[in-house]
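This is the structure I want to talk about, given as structure tokens.
The values are calculated or read from the model by the stated rules, or taken from the named source; none is laboratory data. Predicted, not measured: the structure shown is a model, and the values here were computed from it. Note: ideal-geometry Cβ built from the backbone for every residue, glycine included; neighbour counts use all protein chains shown.
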Amino acid sequence: MARTSTTFTISLPPEMAEKVKEYMEKEKRTRSELFREALRRYFEEQEWKELTRYGRIKANERGISEDQIESIVDAGRG
């Protein structure tokens, strides 16, 4: 039977490892659950950064200033 996950080994400074242990106990979650959640959030943040960077580039290409963006977005929703 094939594995449904991959195992990683990481190293953490002692104070960070202690925080992991603290949150494991506090939230009654496994170490793997905490790291999966942390990575999901990291990936979402990186995708958001890429999206906003793309938006800034496109706005600059079209001569749209930052203070115009909200009204343009609102108009597109209507």
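What number goes with the only condition from (1) at pLDDT below 95; (2) loosely packed, with under 10 Cβ neighbours inside 10 Å; (3) not in a helix (DSSP H, G or I) that E70 does not pass?
Going through the list (1) at pLDDT below 95; (2) loosely packed, with under 10 Cβ neighbours inside 10 Å; (3) not in a helix (DSSP H, G or I), E70 breaks only (3).
On the given criteria, is E47 modelled with pLDDT of 95 or more and either in contact with a strand residue (DSSP E or B) (Cβ under 7 Å, 6 or more places away or on another chain) or farther than 21 Å from V73 by Cα (or both)?
Criteria not met by E47.
Another question about this same structure. Could you tell me which of the residues L39, L51, L12, L34 is touching an Asp or Glu at 6+ places or on another chain (Cβ under 8 Å) and at negative phi?
None of the others qualify; the one that does is L34.
Keeping to the stretch 15-59, report how many residues are assigned to a loop (DSSP other than H, G, I, E, B) and surrounded by 13 or more Cβ atoms within 10 Å (Cβ to Cβ).
From the stretch 15-59, those assigned to a loop (DSSP other than H, G, I, E, B) are 28-30; that's our starting set.
Filter again for surrounded by 13 or more Cβ atoms within 10 Å (Cβ to Cβ), leaving 29.
Total meeting the criteria: 1.
The conditions are (1) assigned to a helix (DSSP H, G or I); (2) surrounded by fewer than 11 Cβ atoms within 10 Å (Cβ to Cβ); (3) not hydroxyl-bearing (S, T, Y), and G63 fails exactly one of them. Which is it?
With respect to (1) assigned to a helix (DSSP H, G or I); (2) surrounded by fewer than 11 Cβ atoms within 10 Å (Cβ to Cβ); (3) not hydroxyl-bearing (S, T, Y), G63 is out only on (1).
Shifting gears a bit: Between a first residue in the stretch 23-49 that is polar (S, T, N, Q) and a second residue that is surrounded by 10 or more Cβ atoms within 10 Å (Cβ to Cβ), which pairs have beta carbons less than 9 Å apart while being 6 or more apart in sequence or on different chains?
As it stands, the answer is T30/M24, since those pairs meet every condition given.
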